[in-house]
Every structure is written in C-alpha cells, then in structure tokens.
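Okay, structure first, notes after.
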Amino acid sequence: MSDYIKDIRKKVGHDPLILTFASGILTNDDNLILLQKRSDFKTWGLPGGAIEFGETAEDACVREFLEETGMKVRVKSLLGVSSNQIQNYPNGDIAQSILIIFLVELIKEVTDNLSSETLELKYFNKNNLPKIFNDQHRKSIKNFFDNKIPFYD
C-alpha cells in the first residue's frame, strides 16, 4: 500500500500543503482521555492521522487508532472539525491541518505492536493534561471536556 503523504512529498518537497486528518477521543470508565506521546514532536496528542486517498474519515480514524494504540475502536459520533492550524513539522514539512475529530469506543485491545509514531499511551484527566503538541489538539480536547460539541473552527 502506498503512503499518500510520502508520495506527495516526493513531488512537492516541504512546500505547504492542505492535509486532512482523522482523530478520535477515547475515554475510560473514569472519563480520562487517552493520549499518545508522539515520536515526531516528543509531546502528546490525540491518536489519529492522515486520511489516505479513497478512505473515509471514519475508516481513517479506526485504522490510525489501531496502528497507533493497538486498540480496535468504533466511531460513535462526530465531535467536531478544526481547520485553523498551520503545522510546522520537525522535518521541515508545512501543512494546513484539517482535523475531523470523532468520539470512539473501545471494542478490544488487539496488539501491543504499535507504530513507531507512538512513544507512549496514557489516560489523563482534564485537570492534569500533559503538554499537547499543537493548539488544534489542545482546543479539541478542551471542547470535549467542556461539552462544547459539535465544534468547528
């Protein structure tokens, strides 16, 4: 299977792109939120990733969740859409990030063989969040905990 973003980046280099991502918010029984410590920024964010060509946002969310957390999830509802983020990546790539955020529920944990994009997974409460890698994820998490859904920016 091809890697859509890598294929595009071979053609355009680090030039600015508009990219669409799908992400999920998963909570446990104590209403703690699952976050992923990312290998690219070495800080935390919501599990998720880029939508591949021909893939739905819902399918991308489920696929990315499995790859990054080892958990099979089901999308329950749409939480929001965020388009107000210009992201500068450590490798020099620049993208305007369109993020579609879903509420997901755990079906089962299926593997501990996670993507190299994941350094750590941990549940956090709203009063003890770690450093989040960008404003888009930070605002999405805040909107979720403040019950300001659906949201868009």
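Each reported figure results from applying straightforward, stated rules to the coordinates on display, with no laboratory input. Quick caveat, the model's predicted, so the values are computed rather than measured. Cβ atoms come from the backbone with ideal geometry, glycine included; neighbour counts cover every protein chain shown.
Scan the stretch 56-71 for residues that are out of contact with any Pro (no Cβ under 6 Å at 6 or more places or on another chain) and either aliphatic (A, V, I, L, M) or surrounded by 15 or more Cβ atoms within 10 Å (Cβ to Cβ) (or both) and jot them down.
Ala57, Glu58, Ala60, Cys61, Val62, Arg63, Glu64, Leu66, Glu67, Gly70, Met71
Can you tell me which residue within the stretch 18-37, out of those that are closer than 12 Å to Phe144 by Cβ and polar (S, T, N, Q), is surrounded by the fewest Cβ atoms within 10 Å (Cβ to Cβ)?
Asn31
Of all residues being assigned to a loop (DSSP other than H, G, I, E, B) and hydrophobic (A, V, I, L, M, F, W, C) in the stretch 38-50, which is surrounded by the most Cβ atoms within 10 Å (Cβ to Cβ)? Just the residue, please.
Only one residue tops the list, namely Leu46.
Please enumerate the residues belonging to the stretch 74-92 that are touching a Leu at 6+ places or on another chain (Cβ under 8 Å) and closer than 15 Å to Asn134 by Cβ.
Residues satisfying the conditions are Ser82, Ser83, Gln85.
State the number of residues belonging to the stretch 98-153 that are surrounded by 12 or more Cβ atoms within 10 Å (Cβ to Cβ), among the acidic types (Asp, Glu) and more than 13 Å from Leu34 (Cβ to Cβ).
Qualifying residue count for the region: 3.
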